[in-house]
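All remarks here apply to the structure that follows.
The values are calculated or read from the model by the stated rules, or taken from the named source; none is laboratory data. Just so it is clear, the model here is predicted, and its values are computed rather than measured. Positions of Cβ are generated from backbone atoms using ideal geometry, with glycine treated the same way; all protein chains shown enter the neighbour counts. The area values use the complete protein model at the heavy-atom level, side chains included, leaving out ligands, DNA and RNA. Shrake-Rupley method; radii C 1.70, N 1.55, O 1.52, S 1.80 Å.
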Amino acid sequence: MKNTETSDFKYIGNILLNWYKKNARDLPFRQTKDPYKIWICEIVFQQTRINQGLNHYNNFIKRFPDVKTLAEAAEDEVLLHWKGLGYYSRAINIHKAAKQIMADYHGSFPSEYGEILKLKGVGKYTAAAVSSICFNGKMPAVDGNFYRVLSRFFADGFDISNSKAFSYFSELAALILPEKVGDFNQAMMDLGSEICKPKNPLCGECPLHENCLAFSLQKMSSFPVKTKKVKAENLQLTYYFVHRNGQFLIQQRKDDFIWKKLFEFLPEISVELEPFVRNAKTINHKLTHKNLSIEIFDVDVTSASVWKALIGTKKYIISDFENFHEKSFPKPLENYIQNSLKD
Ligand code: SF4
């Protein structure tokens, strides 16, 4: 931190507020202070770019306009409406948190930062964003945008992969925090995503460029400093796409590892099905920190009696080509079904 202990940096927060007044993005969730909607949008846009996520957000809010509707919905339906956003565990947590609000807060969204933080799946960033935007809370919503803007502005080399980065940048943010924290948090979100971008920041358009140390040194790309890179893990998955006359067999995933509660093809088959195994296809798919190689064997059960015996075991769920959209599949499996339809 450079000379920050002794200087007054509050003017920076006010510069940002003035900039935000003129340049705030016109987004649907900016017209509301409904904490439920702000919470959902914070979760949706943590993982998706605004223009990609907007339709998903609107559809989700249309189907689940409030906490009660969401809490009363079946989990499968919540997952279905999360389709296209990935990170399904977040949808499961949102659903659990809605139930928690109904049970512990009589259906009223909690207003205190500390209470919001108790909701399932809600971290410090989201609790700070919701409490400051909707309830005049005073916590900075520190995320990657804060790391980037602050480390560049102060040319501060604190390593953002350090486990203390969050508290370090929270302290730094406190130095510039103006009265209107909700607007300030949103200004930082907009500045970080539209102007102080990770690559090629638009410093000429930035309200902070006159005082930004990284800009004056022309060292924008040197900040933020990140030393540790998380290495992606390579994983191999095998599936059997067991089908007959437009129907196919699936099961619901239970483990926490990936794709919890989504539907999948069969990970193994019994010996009676081996004669029906035809070609295999390998699909490569990337998840955060995981590279998946998915081998899918096509199993066309041409024998009516074998098929009958198989579904008679009641071990599997039967899906069909016409209605498979009613269930949530991981993206690569959904693509596989769609391509099978074309064959
Ligand atoms: S001047 Fe450039 S590097 Fe500095 S905060 Fe603005 S956009 Fe970021």
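Observations on the structure shown:
- Of everything listed in (1) within 30 Å of Asn93 (Cβ to Cβ); (2) away from the ligand (no atom under 16 Å from the Cβ); (3) among the aromatic types (Phe, Trp, Tyr), the single unmet condition for Tyr240 is (1).
- The number of residues in the stretch 172-196 being open to solvent by 20 Å² or more (accessible area, probe 1.4 Å), under 14 Å from Ile133 (Cα atoms) and assigned to a helix (DSSP H, G or I) comes to 2.
- Scanning the stretch 64-82 for residues that are exposed (fewer than 14 other Cβ atoms within 10 Å of the Cβ) and part of a helix (DSSP H, G or I) yields a count of 3.
- Listed by first and then second residue, the pairs with beta-carbon distance under 6 Å, at least 6 apart or on different chains, first residue in the stretch 197-209 and in a helix (DSSP H, G or I), second near the ligand (Cβ under 8 Å from one of its atoms), are Cys203/His209; Cys203/Phe215; Glu205/Ile195.
- Test set (1) away from the ligand (no atom under 16 Å from the Cβ); (2) open to solvent by less than 50 Å² (accessible area, probe 1.4 Å) - Lys228 fails condition number: (2)
- Annotation: Val142 fulfils all but one of (1) farther than 18 Å from Arg25 by Cα; (2) within 16 Å of the ligand (Cβ to nearest atom); (3) in a helix (DSSP H, G or I); the unmet one is (3).
- In the stretch 137-164, the residues that are more than 22 Å from Ile116 (Cα to Cα) and free of Cβ contacts under 8 Å to residues at least 40 places away in the same chain reach residues that are open to solvent by less than 40 Å² (accessible area, probe 1.4 Å) and part of a loop (DSSP other than H, G, I, E, B) with C-beta atoms within less than 8 angstrom, at least six apart or across chains, in these pairs: Leu150/Asp156.
- Out of Phe169, Phe215, Phe153, one residue alone is surrounded by fewer than 22 Cβ atoms within 10 Å (Cβ to Cβ), within 16 Å of the ligand (Cβ to nearest atom) and aromatic (Phe, Trp, Tyr). It is Phe215.
- Residue match in the stretch 35-53 (condition: modelled with pLDDT of 95 or more, open to solvent by 30 Å² or more (accessible area, probe 1.4 Å), in a helix (DSSP H, G or I) and out of contact with any Leu (no Cβ under 7 Å at 6 or more places or on another chain)): yes
- Scanning the stretch 223-250 for residues that are among the polar types (S, T, N, Q) and either farther than 14 Å from Ile160 by Cβ or free of Cβ contacts under 8 Å to residues at least 24 places away in the same chain (or both) returns Asn234, Gln236, Thr238, Asn245, Gln247.
- For the stretch 98-129, the set of residues classified as surrounded by fewer than 21 Cβ atoms within 10 Å (Cβ to Cβ), in contact (Cβ under 8 Å) with a residue 24 or more places away in the chain and assigned to a helix (DSSP H, G or I) consists of Lys99, Met102, Tyr113, Lys124, Tyr125, Thr126, listed by residue number.
- Just one of the listed residues (Ala309, Ala280) is assigned to a strand (DSSP E or B) and either among the small types (Gly, Ala, Ser) or surrounded by fewer than 18 Cβ atoms within 10 Å (Cβ to Cβ) (or both), namely Ala280.
- Residue match in the stretch 94-116 (condition: modelled with pLDDT of 95 or more, in contact with a helix residue (DSSP H, G or I) (Cβ under 6 Å, 6 or more places away or on another chain), in the same structural domain as Gln46 (by TED's automatic domain parsing) and on the phi > 0 side of the Ramachandran plot): yes
- Checking Leu202 against (1) more than 16 Å from the ligand (Cβ to nearest atom); (2) hydrophobic (A, V, I, L, M, F, W, C); (3) loosely packed, with under 13 Cβ neighbours inside 10 Å, the condition it does not meet: (1)
Residue-by-condition table, conditions (1) more than 16 Å from the ligand (Cβ to nearest atom); (2) in the same structural domain as Ala24 (by TED's automatic domain parsing); (3) under 30 Å from Tyr87 (Cα atoms):
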| residue | (1), (2), (3) |
| --- | --- |
| Glu210 | no, no, no |
| Phe223 | no, no, yes |
| Gln251 | yes, no, yes |
| Leu262 | yes, no, yes |
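- Of the listed requirements (1) under 30 Å from Asp156 (Cβ atoms); (2) over 32 Å from the mean Cα position of the chain (by Cα); (3) of a type outside the set (Phe, Trp, Tyr), Pro275 misses just one: (1).
- Residues that are among the small types (Gly, Ala, Ser) and within 42 Å of the chain's Cα centre (by Cα), drawn from the stretch 299-318: Ala309, Gly312
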